[in-house]
1. Please give every one of the lysines within straight-line cross-link reach of residue 15, meaning a C-alpha to C-alpha distance under 25 Å, and leave out same-chain neighbours fewer than 8 residues apart.
2. Contour minus end-to-end for residue 182 and residue 158, with contour as 0.36 nm per residue of separation and end-to-end as the Cα-Cα distance?
3. With bins 5 Å wide starting at 0, give me the P(r) of region 134-388 over every alpha carbon pair, in whole percents.
4. Scale the Cα Rg of region 320-393 by the rule-of-thumb value 2.2 N^0.38 Å and send over the ratio, two decimals.
5. Report, to one decimal in Å, the Kirkwood hydrodynamic radius for region 104-237 based on all distinct Cα pairs.
6. Length gain on complete extension for the stretch residue 245 to residue 312, per 0.36 nm per residue less the alpha carbon to alpha carbon distance?
7. Looking at region 31-108, I'd like the Rg to Rh ratio, where Rg is from alpha-carbon atoms and Rh is Kirkwood's inverse mean 1/r.
8. Using a Förster distance of 41 Å, how high is the FRET efficiency between residue 337 and residue 253, based on the Cβ-Cβ distance and rounded to 0.05?
Amino acid sequence: MYARIIDLNAVLKRKSTFLFGPRQTGKSTWLRKQFPEALYINLLSKKVYDAYSGGSSALESDLVIFHRKNNSNLIVIDEVQKLPAILDEVHNQIELHPELRFILTGSSARKLKREGVNLLGGRASWRNLFPLVYPELKEKLATIADLEHRLLCGGLPKIFDSEAPLEDLDDYIQLYLTEEIRAEGFVRNYDGFGRFLKISALANATQINFTKVANHAQVPPRTVHDYFQILEDTLVGFLLPALTQTNLRKAMTSAKFYLFDTGVTNALLGRTSLSAGTPEFGALFEQFIILEIKAFVSYFEQKITLNYWRTTTGFEVDLVAITPDNQKVAIEIKASSHIVTQDCAGLLALSDEFPEIKKILVALEGAHRIDKNGVEIIPVFQFLEMLWNREIM
């Protein structure tokens, strides 16, 4: 059991909360340990689902019984997207009993977003749980060999510690991705979506060309747009938008795509080994750092927007973070142990647009230094320490 970074106690003092995250990120395990006094309603259980799908009285009566026997006002409803209608009764109970707190977990927001479901009208916050991040893995992530294992196997807790992580990743692809999407009826062309899933892994950490993806998947471009939206709604991937507000150089507008876990990327591609110094390692290293930053922004509720920047002439910066007061941090990610001036070209080009921008290059290099152009070159593990200590942004 890992000590997770996420903290729900502060928000639960004020209101209920949704807690969403991909399957196997550890939502239920963590909640049961963190809140053992809560009433747990698991909608993945057919027996429980059948009991609650009959109407609102089941939840109300169970709350009455639970409250009589326990000194707790906390209720956890697991996989709430399986029965969106239950949210009407949750809303009603919150109105009748303001002291109640619900934690409503899910692995897919698609039905909740698409079917006009009652999202409790501001009476609940929204939190996300990610795969394991650096502070949770610090003791097991200290060397380049450790990093190779982390990039290959990903950060899903049960898979990271598994004796056969690659086999478990294959099972995850079949049981939790492919089959869940089929069971939820999100797609009609199941074979086309299967092809698309593998192509999405090939497109990981790259700009998305919807037409090219559609051609490879043998589906219409409009369908590819829908498929990427499915991946976002099911928390399997996300699009990183382009920063386009630059004047000296014309910027590209296409988004980049990232899957939520490096291990899942490898499983979709059938990759079973990884070595530093290869292009595959470089792409996964970029994905890993982007995911760490995304989790940091979410867990600490930072009002920071994340973009990448690429010009039509080829200058690129992997991540540009912008704070609410318009402070900018540009981060380039290089899986190299020897950084040269050319590696900083994108950062320097972007600083022509924004002279006050903070310029950082994350690398495998062993020494923390600032080069003659003001680029701060930070070794990867030191960068992760600084990130989670809030020293980067």
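Every number here is computed from the coordinates shown, using simple stated rules; none is lab data. What you see is a predicted model, and the numbers here were worked out from it, not measured in a lab. FYI the Cβ positions are ideal-geometry reconstructions off the backbone, even for glycines, and counts take in every protein chain you see.
1. Here the lysines satisfying the reach criterion relative to residue 15 are 27, 33, 69, 82, 111, 113, 294, 303.
2. Numbers: separation 24, 0.36 × 24 = 8.64 nm, distance 2.36 nm.
Residue separation times 0.36 nm, minus the Cα-Cα distance, leaves 6.3 nm.
3. In whole percents, the pair-distance histogram is 1, 6, 13, 16, 18, 17, 13, 9, 5, 2, 0, 0.
4. Numbers: Rg = 11.8 Å, N = 74, 2.2 N^0.38 = 11.3 Å.
Here the answer is 1.05, to two decimals.
5. Values: mean 1/r = 0.0586 Å⁻¹.
Answer for region 104-237: a Kirkwood hydrodynamic radius of 17.1 Å.
6. Details: separation 67, 0.36 × 67 = 24.12 nm, distance 1.36 nm.
Roughly 22.8 nm would be gained on extension.
7. Values: Rg = 11.7 Å, Rh = 12.7 Å.
With Rh from the inverse mean 1/r over Cα pairs, Rg/Rh is 0.92.
8. My answer for the efficiency is 0.75.
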